[in-house]
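Below is one structure, written out as structure tokens, with a few remarks after it.
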Amino acid sequence: MNIFGIGLPEMAVIFVIALLVFGPKKLPEIGRSLGKTIRGFQEASKDFETEFKREAQQIEESVQMNARLEEGKKEESINNS
């Protein structure tokens, strides 16, 4: 098990230190808020990725449309010559 480059022994040490610092009553509350924060970051990351892909697709479609228009102009000028 390796989360953020932290293995199980390191997680155990962090948990023990947190237990000593915050106490057993506050630890579940801190864990919940940390979980909500991580979930919020993951959702924001997914939203960003989705928006980025959508914008990239729109740019690609725009470039392809411009390329087709340029081809049409070239063919039209050749036909008119």
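Where a number appears in this text, it was derived from the coordinates with a stated rule and is not lab data. Since this is a predicted model, take the numbers as computed values, not measurements. Because the Cβ atoms are built from the backbone with ideal geometry, glycine has one as well, and the counts that use them run over all protein chains shown.
Brief remarks on what is shown
- Helix 27-80 vs. the chain, principal-axis angle (Cα, 0 to 90°, nearest 10): 10 degrees
- Among the trypsin sites (Lys or Arg not before Pro) within the range 4-45, those in coil by DSSP and having at most 15 neighbouring Cβ atoms inside 10 Å are Lys25, Lys26.
- Compared with the dominant principal axis of the Cα atoms in the chain, helix 8-22 is inclined by about 60°.
- Cα centroids of the range 59-81 and the range 4-51: 54 Å apart.
- Using a Förster distance of 41 Å, the FRET efficiency for Val16-Ile59 (Cβ separation, nearest 0.05): 0.20
- Structure-derived Kirkwood radius over Cα pairs in Å - corresponding label in [x] 13.0; [y] 15.6; [z] 17.9: [z]
- Over the residues of the chain, the helix contribution to mean residue ellipticity at 222 nm works out to -31000 deg cm²/dmol, using -39500 (n - 2.57) for each DSSP H run of at least 4.
- Dipole magnitude for the chain: about 720 debye, using +1 per Lys or Arg Cβ and -1 per Asp or Glu Cβ, origin at the Cα centre.
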